[in-house]
Amino acid sequence: MKSAIITGGNRGIGRYITQSFVNAGYFVVVGARQELGLSKEFGDKVEFVSCDVQKESDHFELVNRALAKADTLDVYVNNAGFSAWRPISEIDDSFLTELFDTNLKGAFWGCKAATEGMTSGGSIINISSIAGKRGSANNSAYCASKFGMNGLTQALAKELGPRNIRVNALCPVLIKTDGLLEALDGKFSPAGGDSEKFFDDFISNNSALGRLPKGEEVAEMCLVLASDKSSAITGQCINLDCGVFPQ
């Protein structure tokens, strides 16, 4: 039996990722702060572990749980994170620490724990963002955290390649999740109090396909990166953006 660990796999994009890996026959360990009905939806195919991704030891506990149920740890998805817009004049140490420790340090600890439990053929997938490729106003902290995640991805691909462990990142553009909608309600977000108009304008002005990606599409790309079909792909930060930022 193959196993996958997904941080933040209880809601938003992470829940779609959990669903896809369950459908593909993986035993999934979800690390998050709340269970949010995972056992009711997935039964014994998913094990919830209370986890604070800012703590290194919690990531190692996720690995221990996966190895207790499966022969190997095959996939580790660093998905947990959050976004928040603030101009630099409004950023204080508390805000910056919380964002960096969740988005970036959480991914570091996840990668470290994964390398302890994985053998040849393992795949680490970091859920980054288009914000890790280009800056935007009032978004310096979040952008810095995701640029950092992309750098982590590229460096570890070189470091872990000799062990045949692949490391890649996915960089979605805006995906309508509860977390994003909550962030867009913030005082300094680009939505200006009207998230639907913001999405419509963003699509009209930026998307080559005239739409935005869905959470299910991020999940399916995770499955591709976890599979042997992508055995030659590592160190890549792949845009999943309907042509918002062609590269």
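For segment 137-151, the condition holds for no residue, the condition being that it is surrounded by fewer than 18 Cβ atoms within 10 Å (Cβ to Cβ), on the phi > 0 side of the Ramachandran plot and in contact (Cβ under 8 Å) with a residue 40 or more places away in the chain. In this structure, F100 does not qualify as outside any helix (DSSP H, G or I), in contact with a helix residue (DSSP H, G or I) (Cβ under 9 Å, 6 or more places away or on another chain), open to solvent by 30 Å² or more (accessible area, probe 1.4 Å) and touching a residue at least 12 places away in the same chain (Cβ under 8 Å). Restricting segment 123-136 to residues that are in a helix (DSSP H, G or I) and in contact with a Lys or Arg (Cβ under 6 Å, 6 or more places away or on another chain) leaves a set whose member that is surrounded by the most Cβ atoms within 10 Å (Cβ to Cβ) is G132.
The values are calculated or read from the model by the stated rules, or taken from the named source; none is laboratory data. Treat the numbers as computed from the prediction; the structure is a model and nothing was measured. A quick note on method: Cβ atoms are made from the backbone with ideal geometry, for glycine too, and the neighbour counts reach across all protein chains shown. Quick note on the areas: whole protein, heavy atoms, side chains included, nothing else; ligands and nucleic acids left out. Shrake-Rupley method; radii C 1.70, N 1.55, O 1.52, S 1.80 Å.
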